[in-house]
Amino acid sequence: MGHPPLVLVHGLWDTPRLFNRLCTALDGRRDPLLIPHLHHGLGHVPLVDLAARLDQHITEAFGGDAVVDLLGFSMGGLVGRSWIQDFGGYRRTRRFLCVGSPQRGTLAAQLMPRAWLAGIADMKLDSAFLKRLETSLRRHPERLAELDCRSFYCRFDLMVVPSWRGVLPVGPVQPLPARTHPGLVSESRSLGRLCDALLEP
């Protein structure tokens, strides 16, 4: 039995080119593949707005009912989670992989003013955005608990600070042998482990 379509969601200050090495490592074994370019305005666009755009891309590419696997890197993991919880993505997601994603916020965003950089401010510790996701999950735990959720993080991450906050509240957690935040999706040993997870039946 084949895999469902795979959606890769990039992070802040990134473009779909971020996943070039991952795509090369997958070598066509996870087609069809969607890597939308979510224009984030250098952090100005709120994350829920990016999730709405992600919903449009997925629907246009695969229709409104097709089941997908989703991998979100960094901010993309929060955009993906918002899509799952806020836009009904839980109904059509099989596997959700978060890679270096500040699911519980990051100190690196603490000083960012929401008036100018709403998307970055959404990643603050205890931001209204993160609190809303947690409240929603307490009311509807099945929206993540019934998915195959997995978290991958870098022990030496300087973007998700402290690094242990870069994991989902459900599912297994695995550190990757990356030396940097971007290395999570570019260094060979990390790519190998991500590919293993993405190629599981």
Inset, instruction - Could you tell me whether any residue of segment 165-175 is part of a strand (DSSP E or B), of a type outside the set (D, E, K, R), more than 20 Å from residue 9 (Cβ to Cβ) and touching a Lys or Arg at 6+ places or on another chain (Cβ under 8 Å)? - result: yes
Inset, instruction - Identify, from the list 8, 18, the residue that is surrounded by 20 or more Cβ atoms within 10 Å (Cβ to Cβ), modelled with pLDDT of 95 or more and assigned to a strand (DSSP E or B). - result: 8
Inset, instruction - Go through segment 145-187 residue by residue and tally those that are within 21 Å of residue 70 (Cα to Cα), free of Cβ contacts under 8 Å to residues at least 60 places away in the same chain and of a type in the set (Ser, Thr, Tyr). - result: 2
Inset, instruction - Restricting attention to segment 32-48, report how many residues are at pLDDT 95 or above and either among the aliphatic types (A, V, I, L, M) or under 21 Å from residue 186 (Cβ atoms) (or both). - result: 9
Legend entry - Verdict on residue 35 being under 22 Å from residue 170 (Cα atoms), in contact (Cβ under 8 Å) with a residue 12 or more places away in the chain and in contact with a strand residue (DSSP E or B) (Cβ under 6 Å, 6 or more places away or on another chain): no
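The values are calculated or read from the model by the stated rules, or taken from the named source; none is laboratory data. All of these numbers come straight from a predicted model, not from anything done at the bench. Reconstructed Cβ throughout: ideal geometry from the backbone, glycine too, with neighbour counts over all protein chains shown.
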